[in-house]
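Working notes, beginning with the structure itself.
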Amino acid sequence: MHVQILIYDGFDELDAIGPYEILHGAGFDTELAGLEPVERITASHGTVLEPHATLAARPDLLLVPGGGWRDRKPVGTWAEYERGVIPAAIAERHRAGSRVGSVCTGAMLLAKGGILDGRPATTHWAAYDDLRGHGVDVRTDARVVDDGDVLTCGGVTSGLDLALHIVEAELGAEAAEFAARLLEHERRGQVFVSATTR
């Protein structure tokens, strides 16, 4: 499975790096990808990264981190939401057949792209009302929401649980348990799986 994690200036480090470590460690072809060819991207806490790739036309799974939403920072999720280019690119990949997921307020970029209209989803608690404003069925009781071709999770560390959910769905419970044990991470919170996914 080809996984791309879309990184952009101001994204939250753990939103992207946590899932990257789990998915790459599980053996998936996992890349940190920029929207366009760039030499480096600076995350919200100052970490500078060189993307592995540019965003493919149709990765099997596209994960989108959040960062900088609550504070309305001039770089990060809020800025990209306002700019609209990343939401359009995500929607284009989804239409092409990519499964799309978000960590934390990355859900707002999916919502802006029209991907979450009327669907169950979750995000960081600070963005619940913003997500509801897009007509999303916000699941505040779920840490991870699996709606088939769209996956979302709550804030920051819930990205670990989302990645472990993906590992379990693709490789089985034993593989997910092993990955969690390697990280010394205890999975927690509810995973809501929509009826259409079951």
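Would you mind ranking V167, V64 so that the residue whose beta carbon has the fewest other beta carbons within 10 Å leads the list? Numbers along the way, then the final one.
Details: V167 24, V64 32.
Going from least to most buried by this count: V167, V64.
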With the label point 7 Å along the Cα-to-beta-carbon line of L49 and a cut-off under 15 Å to each amide N, the hits in the range 141-156 are 156
What relative contact order, as a whole-number percentage, does the range 2-193 give when Cα pairs under 8 Å and 6 or more residues apart are counted? 20
Does anything in the range 143-170 have its amide N under 19 Å from the 7 Å Cα→Cβ label point of R95, and if so which residues? 149-150
Under the 7 Å Cα-to-Cβ spin-label approximation, T42 and L183 lie apart by a distance in nanometres of 2.8
Percent antiparallel among DSSP beta bridges confined to the range 1-94, rounded to 5, stands at 15
Label-point separation, R58 to E21 (7 Å along Cα→Cβ), nm: 3.4
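Which order do peptides 81-90, 118-127 fall in by mean Cβ count within 10 Å, highest first? Show your work: numbers first, answer last.
Working: 81-90: 16.7, 118-127: 20.8.
Averaged packing, sorted descending, gives the order 118-127, 81-90.
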How far, in nm, would the chain grow between M1 and T140 when pulled straight, counting 0.36 nm per residue and subtracting the alpha carbon separation? 47.1 nm
Mind checking the dipole of the chain: about its Cα centre, +1 per Lys or Arg Cβ, -1 per Asp or Glu Cβ, Debye to the nearest 20? 480
If you count the DSSP beta bridges with both ends in the chain, what percent of them are antiparallel, to the nearest 5? 20
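Each value in this text was obtained by applying a stated rule to the coordinates, not by laboratory testing. What you see is a predicted model; the values in this text were computed from it and never measured. Cβ atoms come from the backbone with ideal geometry, glycine included; neighbour counts cover every protein chain shown.
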